[in-house]
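Chemist: What follows is a structure written as structure tokens; I'll ask about it next.
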Amino acid sequence: LSRRFHLRQVGAPERVAGIGCSATVVPEQVSSWSAGGLALSPQVVLSGSLPNLDASQPLAGVIGSDVLSRFGSVRIDYRAQTISLGGAESPSPAGNDVVQGPTSAPTPAQFLKGMRVDAALTVVTRQGAVGVYVSIKFDGSGVQLFIVDTGAEISMVSHRLARSLHLVAAHQSVSLPAAFGCPVSLTEVQSGPWTLGSASLEPQPIATLPASGLKAAGLLGSDVLSRYGAVVIDYSGARVLLESG
């Protein structure tokens, strides 16, 4: 797409880390784009290799929290296969900041209907990038900050954390698409009892992050979030809401 639309390079290539590998990406300027007919503000995006969803569906791009956070909040409905934005687009946040929720900012009323789980988020802003983290506890562990990633097919836990908690091996592995051009096969462990905020999550196999690449205690993906039907990520209120499972 970068070549097709003649995007203009605006900075030096950068090295970024993915799951199990790293890659070089190029900052480029997007002047005119939209999502679902809604015009988005111009911005710098990173151009690089992306995996295919399957043989017939090449992934054209990723919409991250740098974009979604500008709308205050977002609701993803897995059953209806829709995404809703909480308000008008605001400017990108300036500077670096860490907000530990919940804040006093109200969640849009239309997003509250049917929600059963309400958990605090930690929202990290760094040089235009925005990350959201939720508190996860395993049986016998303290609070662990997991990245909330609605684009991830599976949830993951760091090798260090899995080892320190003595999580039992699931004796199976899972293969992920070739992110940044490097396919990866991950072993799985059994989560055992685990919680998101005050909500108990269903025990399940979760993939173990490799020692190299993404640095985090873990990642909460759509394999977990989709079981609740819908999820609201409220960037302004620094909270995550889940519908009943």
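Chemist: Counting just the residues of segment 205-228 that are in a loop (DSSP other than H, G, I, E, B) and buried (at least 17 other Cβ atoms within 10 Å of the Cβ), which one comes out modelled with the highest pLDDT? Step through it out loud before you land on a result.
Modeler: At the first step, the residues of segment 205-228 found to be in a loop (DSSP other than H, G, I, E, B) are 210-212, 214-217, 221.
Keeping just the survivors that are buried (at least 17 other Cβ atoms within 10 Å of the Cβ) gives 210, 214, 216-217, 221.
Details: 210: 78, 214: 65, 216: 81, 217: 91, 221: 95.
Here the residue is 221.
For (1) closer than 20 Å to residue 223 by Cβ; (2) surrounded by 12 or more Cβ atoms within 10 Å (Cβ to Cβ); (3) of a type outside the set (Val, Ile, Thr), each residue gets a yes or a no:
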position	(1), (2), (3)
110	no, no, yes
119	yes, yes, yes
127	no, no, yes
132	yes, yes, no
137	yes, yes, yes
142	no, no, yes
148	yes, yes, no
165	yes, yes, yes
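Chemist: Within segment 72-104, can you find the residues that are touching a residue at least 60 places away in the same chain (Cβ under 8 Å), under 16 Å from residue 231 (Cβ atoms) and either in contact with a strand residue (DSSP E or B) (Cβ under 7 Å, 6 or more places away or on another chain) or open to solvent by 80 Å² or more (accessible area, probe 1.4 Å) (or both)?
Modeler: Once the filter is applied, which keeps residues that are touching a residue at least 60 places away in the same chain (Cβ under 8 Å), under 16 Å from residue 231 (Cβ atoms) and either in contact with a strand residue (DSSP E or B) (Cβ under 7 Å, 6 or more places away or on another chain) or open to solvent by 80 Å² or more (accessible area, probe 1.4 Å) (or both), segment 72-104 yields 73, 74, 75, 76, 77, 78, 79, 86, 101, 102.
Chemist: Could you grab me the full set of residues in segment 6-26 that are open to solvent by 100 Å² or more (accessible area, probe 1.4 Å) and in contact (Cβ under 8 Å) with a residue 12 or more places away in the chain? Before the answer, list the steps.
Modeler: So in segment 6-26, the residues open to solvent by 100 Å² or more (accessible area, probe 1.4 Å) come out as 6, 8-9, 15.
Within segment 6-26, 8, 9 qualify.
Chemist: Something else: Which strands (runs of 3 or more DSSP E) does segment 56-127 wholly contain that include 3 or more residues that are closer than 20 Å to residue 34 by Cα, touching a helix residue (DSSP H, G or I) at 6+ places or on another chain (Cβ under 8 Å) and modelled with pLDDT of 95 or more?
Modeler: On the way: elements: 73-77, 82-85, 97-100, 115-126.
Qualifying strands (runs of 3 or more DSSP E): 73-77.
The values are calculated or read from the model by the stated rules, or taken from the named source; none is laboratory data. In this text, all values refer to a predicted model and were calculated from it rather than measured experimentally. Heads up, the Cβs are rebuilt from the backbone with ideal geometry, glycines too, and the neighbour counts pull from every protein chain shown. The protein model used for the area step is the full one, side chains on, heavy atoms only, and it has no ligands, DNA or RNA in it. Shrake-Rupley method; radii C 1.70, N 1.55, O 1.52, S 1.80 Å.
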